[in-house]
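The values are calculated or read from the model by the stated rules, or taken from the named source; none is laboratory data. It should be emphasised that the depicted structure is a prediction, and the values quoted were computed from it without experimental measurement. Just the protein is used for accessible areas: all its heavy atoms, side chains included, with ligands, DNA and RNA removed. Shrake-Rupley method; radii C 1.70, N 1.55, O 1.52, S 1.80 Å.
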Amino acid sequence: RRLEECGAHRADSLILAGDVSHRPDVLLETLQIAARAFRTVHFVPGNHDLWVRGGGGGGGGTSIDRLLEIEATCARLGVCTAPALAAGAIVVPILSWHHPSWDTEPDISGWRGIPPVERCLMDYHMTRWPPGVRQEDGSAAAAVDELNDRPRAGGGG
């Protein structure tokens, strides 16, 4: 809130690189404050922003629905979610989700009782994906990546 009060950043651009909040109300308030405090705000959602269970909002929707809702909110607020210029730099918000093939480390051996990642990583519990889309097989990563291929509103700066 002090950002709004001080007014010192009205000529600046801000890059919000995701994981603002799993709560839609907190994310909305943060984007509203940032949009009032900075000349230009560039935002790309992080994994926590796409949580839809356990207080994450989204009702019966999926994490893809949540992402599209976030983009619509950003468009209403004038927050950039598309590639744009910012003070001579090109800002390219790329949507992504972690893929199981990125885990190239060998499994830990010699320790007992290490639960599988699906039981430990909150993303497996807090997200909901459309039918046929799963984190375990990489299709969630592919579904999010495909969204980069469509035109997005909100460029500028």
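Leaving out ligands, DNA and RNA but keeping every protein chain, what accessible area does D25 have, in Å² rounded to the nearest 10, with a 1.4 Å probe?
Solvent-accessible area, nearest 10 Å²: 80 Å².
May I ask you to rank R150, R66, R36 by accessible area, largest first, using a 1.4 Å probe over the protein chains only?
So the residues, ranked largest to smallest area, are R36, R150, R66.
With both partners inside the chain, how many of the DSSP beta bridges are antiparallel, as a percent to the nearest 5? Present the calculation step by step, with values, prior to reporting the outcome.
Details: 3 of 8 bridges.
Taking every DSSP beta bridge within the chain, about 40 percent pair in antiparallel fashion.
Each residue of region 42-53 in order: what ³J(HN,Hα) in whole Hz does its phi give by Karplus 6.51 cos²θ - 1.76 cosθ + 1.60, θ = phi - 60°, with x for Gly and Pro?
10, 9, 10, x, x, 4, 5, 5, 9, 5, 10, 10
Can you list residues from other chains, or at least 5 along the same chain, whose modelled amide H is less than 5 Å from the amide H of G78?
Residues meeting the criterion, in which the H sits 1.01 Å from N, do not exist here.
Could you look at the chain and say what percent of its accessible area is carbon and sulfur, using a 1.4 Å probe and all protein chains?
That share works out to 55 percent.
Largest first and in whole Å, what are the equivalent-ellipsoid semi-axes of the chain based on the Cα gyration tensor, each being the root of 5 times an eigenvalue?
In descending order, the three semi-axes are 32, 17, 16 Å.
Show me the helices of the chain, taken as full DSSP H stretches, that run 15 Å or more along their long axis by Cα and average -1.0 or above in Kyte-Doolittle hydropathy.
Length and hydropathy pass: 24-37, 63-77.
Over the chain, with a Gaussian network built from C-alpha contacts below 10 Å, which listed residue (G18, G60, G110) shows the highest mean-square fluctuation?
G110
Would you mind giving the average projected area, over all directions, of the Cα convex hull of region 67-157 in nm² with one decimal?
Over all viewing directions, region 67-157 projects a mean Cα-hull area of 8.4 nm².
Would you grab the residues whose amide H sits under 5 Å from the one on L14? Only those 5+ places off in sequence or on another chain, please, with H modelled 1.01 Å from N.
Result for L14 returns T40, V41, H42.
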